[in-house]
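To start, the structure itself, in structure tokens.
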2 protein chains.
Amino acid sequence: MADAIPMVEVRRGPFAESVHRGHAVICDASGAIRAAWGDPDAVILPRSSCKMLQALPLVESGAAAELGSEELALACASHQGAEMHVSRVARWLSDLGLGERDLRCGAQVPDDRAERGRLREGLEAPCQLHNNCSGKHAGFLMLNRHLRGDSEYVAPDHPVQKAARAAFEEMTGAESPGYGIDGCAAPNFATTMRGLASAMARMANPAGLGATRQAAAERLVAAMVSHPLLVAGEGRACSELMAAAGGSVAVKTGAEGVFAAIWPEKGLGLAIKIEDGTTRASECAVAALLTRLGAVKAADPRVSRRTAPVITNRRGVAVGEIGPAPALWENGAPL
Amino acid sequence: MADAIPMVEVRRGPFAESVHRGHAVICDASGAIRAAWGDPDAVILPRSSCKMLQALPLVESGAAAELGSEELALACASHQGAEMHVSRVARWLSDLGLGERDLRCGAQVPDDRAERGRLREGLEAPCQLHNNCSGKHAGFLMLNRHLRGDSEYVAPDHPVQKAARAAFEEMTGAESPGYGIDGCAAPNFATTMRGLASAMARMANPAGLGATRQAAAERLVAAMVSHPLLVAGEGRACSELMAAAGGSVAVKTGAEGVFAAIWPEKGLGLAIKIEDGTTRASECAVAALLTRLGAVKAADPRVSRRTAPVITNRRGVAVGEIGPAPALWENGAPL
């Protein structure tokens, strides 16, 4: 079992003041490892990086036959609760004959500045629609209506979650060793780094997975890359990196330092986990690896503000920077 | 060279979802290592954890002969810009015939909620007095008046910074390998983990350092433990852990995962660095080690909210917790 490797450094003056270690794996749809840093067998909770896997039963069941690509993008999203996200999820629920009260994700203060300001001015409490997972939960509710399950659709033994687990295990290629409860109250199934990368590769190249799954995977990936702002929001890493890649790569973050990426034209999937769970490192690592892979350009500011963010002091003077550690270039198989 | 060891785990369901590695060293005033986790020779930037060392020349020079213990506590503080901090630093500067404009630390939005609300309501911009280092800088300005240096007292070759470096190197017991510029624009000198722990032990037991340094060290440590709220603020780790220790230990944090502690009755100094720079981990590690040392009680909520914070989902249900990794108990010499 390999150890996590230094992936991102925080430099100040001549010193690497802090170091973030992690694992990264690139697989193809056969599950073969094409490159690896750290331990491909490390067990992780993918958190929100696997929302596109959780959405597969929604599409495959036929429940979402009439659903638009915006809603499918929201089903895969960790959005920041902006008006564009909240209004679409509200309308989707309304079309189902349901409402905010039917969600089981809990309320969340939105990350979106404008929406936060609107709530503050109106003395309005944030609601479950603002939860970054409200699109995933709208998808769960839509599948639940189709499956005729009871209202507590986040219970691990509920038909909705059993369907999500089955799809997750088929796509990762292994039985999940268990689950933790996610911030949105749904179970989040564990897998290995290799399992997550393989699942992303199968989303990228679903040709061998049967017609139903192939169609579902293609529809979900197309929805994500068509609506990058719905998948996250203004200024967010997933949205900006998808835009920087010109729609060629679907990028999805998960809490505690996870990123997943789907690259259809190469048939590859990427999984990243920063061991300590820090976002500044996971965003730097995914932008750096997408650069190394040739999916985005190093000079693109949407990329460089993540691969080489400058640290300033409180007088606005540059005193350091964050950047990929040498091992992120030196280790791993050639790509 | 030993590697950083797992010090803090973030658990969700049955999984250690994230792990924070780090170094910790306990020294006595001779510089001898009494316990160590990770690498005692690791070079770190101590950041604000060494403010009491930077304040030594202020006291030893005689510049602070008339200064009260509240101001000395503020000279060692990373405060949160509350009214109690800002008003005292303003009065101190005024007593020197100086003002906010003479500071060189830069403005900072205060962490204190009440002061932030006051600024927002009054459409008032945060100023340099709100900078968490404004007390250290008031101390620099007081020393500077004594030394008759020019106004740019944060320049690394300025007499104020030369004096701070000399005291730092004497207390750590070694020449500093260099510096980075801190968030407040002052140079922050590097040392080893062992160097920082030794310096803290010498603050704890300064008997062999000559009468002037002994008096200065004792005055600064007494000021810190007498005014824990001035050293940080309401709800902050340094303030609460000092209060939990009943004034027997001085505790000081530094950015990027650093903690230092001074324990006069045992003559010991403690230094902690979380490799990835994360506060949730450094606070857990310092509270856990102070518990293991017997300086604070595990059941004290001011301690347990750092050694065992519960992670809840957005419906308020406990889904995980943060806690010390087994290695923090298993490794290191017996204490």
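The values are calculated or read from the model by the stated rules, or taken from the named source; none is laboratory data. Here the structure is a predicted model, which is why all the values come from computation and not from measurement. Glycine gets a Cβ as well: all are built from the backbone with ideal geometry, and neighbour counts include every protein chain shown. Accessible surface areas use protein heavy atoms only, side chains included; no ligands, DNA or RNA. Shrake-Rupley method; radii C 1.70, N 1.55, O 1.52, S 1.80 Å.
With a Förster radius of 22 Å applied to the beta-carbon distance between A:A299 and A:T279, the computed FRET efficiency rounds to 0.45. Starting from the Kirkwood Rh over alpha-carbon pairs, what translational D in µm² s⁻¹ does segment B:97-150 have by Stokes-Einstein at 20 °C and 1.002 mPa s? Value of D from the Cα-based Kirkwood radius: 177 µm²/s. Largest first, the extents of the alpha carbon coordinates of segment A:5-330 on the three principal axes equal 61, 52, 33 Å.
Can you check what the net charge comes to around B:L268, using other residues whose Cβ is under 12 Å from the Cβ of B:L268 (Lys, Arg +1; Asp, Glu -1)? Here the charged neighbours net out to +1. Rounded to the nearest 20 debye, the dipole size of segment B:5-330 about its Cα centre is 600 debye, using +1 on the Cβ of Lys and Arg and -1 on the Cβ of Asp and Glu. Taken residue by residue and averaged, Cβ atoms of other chains lying within 10 Å of the Cβ of B:274-286 number 3.
Short-range pairs are left out: with C-alpha atoms under 8 Å and at least six residues apart, the relative contact order of segment A:195-243 is 22 percent.
Neighbouring Cβ atoms from other chains, within 10 Å of the Cβ of residues in B:39-47, number 2 on average. Helical content of chain B, expressed as a calculated mean residue ellipticity at 222 nm, amounts to -11000 deg cm²/dmol (DSSP H runs of 4 or more residues, -39,500 (n - 2.57) each, divided by residue number, nearest 500). Checking every one of the GluC sites (Glu not before Pro) in segment B:1-71 against DSSP loop status and a limit of 13 other Cβ atoms within 10 Å picks out B:E66.
Between segment B:237-299 and segment B:52-121, the alpha-carbon centres lie 23 Å apart. Positive-end ranking of B:G277, B:P309, B:M224 along the dipole of segment B:197-335, with charges on Cβ about the Cα centre, is headed by B:M224.
What percent do you get for the relative contact order of segment B:245-335 when only Cα pairs under 8 Å and 6+ apart count? Walk me through the numbers on the way to the answer.
Details: 121 pairs, mean separation 16.5, N = 91.
Contact order relative to length: 18 percent.
In order along segment A:274-285, the Karplus-derived 3J(HN,Hα) couplings, from 6.51 cos²θ - 1.76 cosθ + 1.60 at θ = phi - 60°, round to 7, 4, 8, x, 8, 5, 4, 7, 5, 5, 5, 5 Hz, and Gly and Pro are given as x.
Just to be sure I understand: if I project the alpha-carbon convex hull of segment B:31-82 onto a plane and average over all orientations, what area do I get in nm²?
Details: hull surface 23.2 nm².
The directionally averaged projection comes out at 5.8 nm².
Step through the table entries B:K252/B:K297; B:K136/B:K266; B:K136/B:K162; A:K51/A:K297; B:K136/B:K252, compare each Cα-Cα distance with 22 Å, and write down the pairs that go over it. Checking Cα-Cα distances, B:K136/B:K266; A:K51/A:K297 exceed 22 Å. Taking the Cα centre of the protein assembly as shown as origin and assigning +1 to Lys and Arg Cβ atoms and -1 to Asp and Glu Cβ atoms, the resulting dipole is close to 280 debye.
Per residue, the accessible area of segment A:5-330 comes to 35 Å² when a 1.4 Å probe rolls over the protein heavy atoms. Of the listed residues B:F259, B:F15, the order by accessible area with a 1.4 Å probe, largest first, is B:F15, B:F259.
Taking one quarter of the surface of the convex hull spanned by the alpha-carbon atoms of segment A:202-333 gives a direction-averaged projected area of 9.2 nm². Rolled with a 1.4 Å probe across the full set of protein chains, the surface gives B:I33 an accessible area near 60 Å².
Residue and distance for the chain A Cβ closest to the axis that moves A onto B, in whole Å, come to A:D276, 2. Between copies, the label points of A:G210, set 7 Å from Cα on the Cα→Cβ line, lie 8.2 nm apart, reported in increasing order to one decimal in nanometres.
Once the convex hull of the C-alpha atoms of segment A:231-309 is built, how many Å³ does it hold per residue, rounded to a whole number?
On the way: hull volume 6.3 nm³, N = 79.
It is 80 Å³ per residue.
Each of B:Q214, B:P264, B:T191 was scored by the projection of its Cα onto the charge dipole of chain B, and the greatest displacement toward the positive side belongs to B:P264; charges sit on the C-beta of Lys, Arg, Asp and Glu.
Taking a quarter of the surface of the Cα convex hull of segment B:155-270 gives a mean projected area of 7.4 nm². Placing a label point 7 Å from Cα along the Cα-to-Cβ axis, B:P14 is separated from the same position in the other copies by 5.1 nm, shortest listed first.
Only protein heavy atoms count here, probed at 1.4 Å, and on that basis chains B and A bury about 3400 Å² of accessible area in total. Take B:E66, project a point 7 Å from its Cα along the Cβ direction, then tell me which residues of segment B:126-141 have their backbone nitrogen under 18 Å from it. Hits in segment B:126-141 for B:E66 at 18 Å: B:138-141. When nucleic acids and ligands are ignored and a 1.4 Å probe is applied, A:T312 ends up with an accessible area of around 80 Å².
Computed over neighbours whose Cβ is under 15 Å from that of A:R104, the net charge equals -1, Lys and Arg +1, Asp and Glu -1.
Express the Stokes-Einstein translational diffusion coefficient of segment B:70-122 in µm² s⁻¹, to the nearest whole number, given a Kirkwood radius over alpha-carbon pairs, 10 °C and a viscosity of 1.306 mPa s. The partial results should precede the final answer.
On the way: Rh = 11.9 Å.
Result for D is 133 µm²/s.
Partners of B:K273 within straight-line reach, counting aspartates and glutamates whose Cα lies under 16 Å from its Cα and excluding those fewer than 8 residues away in the same chain: A:E9, A:E17, A:D276, B:D3, B:E9, B:D39, B:D41, B:E256, B:E283. The shape of the protein assembly as shown can be summarised by an equivalent ellipsoid whose semi-axes, obtained from the alpha carbon gyration tensor, come to 48, 26, 23 Å from longest to shortest.
Comment: the Cα-to-Cβ extended label point of A:A90, at 7 Å, lies 4.2 nm from its counterparts in the other copies, nearest first.
Counting only protein heavy atoms and a 1.4 Å probe, tell me what percentage of chain B's accessible area is made up of carbon and sulfur.
Working: 6090 of 12060 Å².
Accessible surface attributable to carbon and sulfur in chain B totals 50 percent.
Across chain B, the relative contact order, built from alpha-carbon pairs under 8 Å that are at least six residues apart, equals 25 percent.
Provide the FRET efficiency to the nearest 0.05 for the B:R120-A:R91 pair, computing r from the beta carbons and using R0 = 51 Å.
Details: r = 34 Å, r/R0 = 0.66.
The value I calculate is 0.90.
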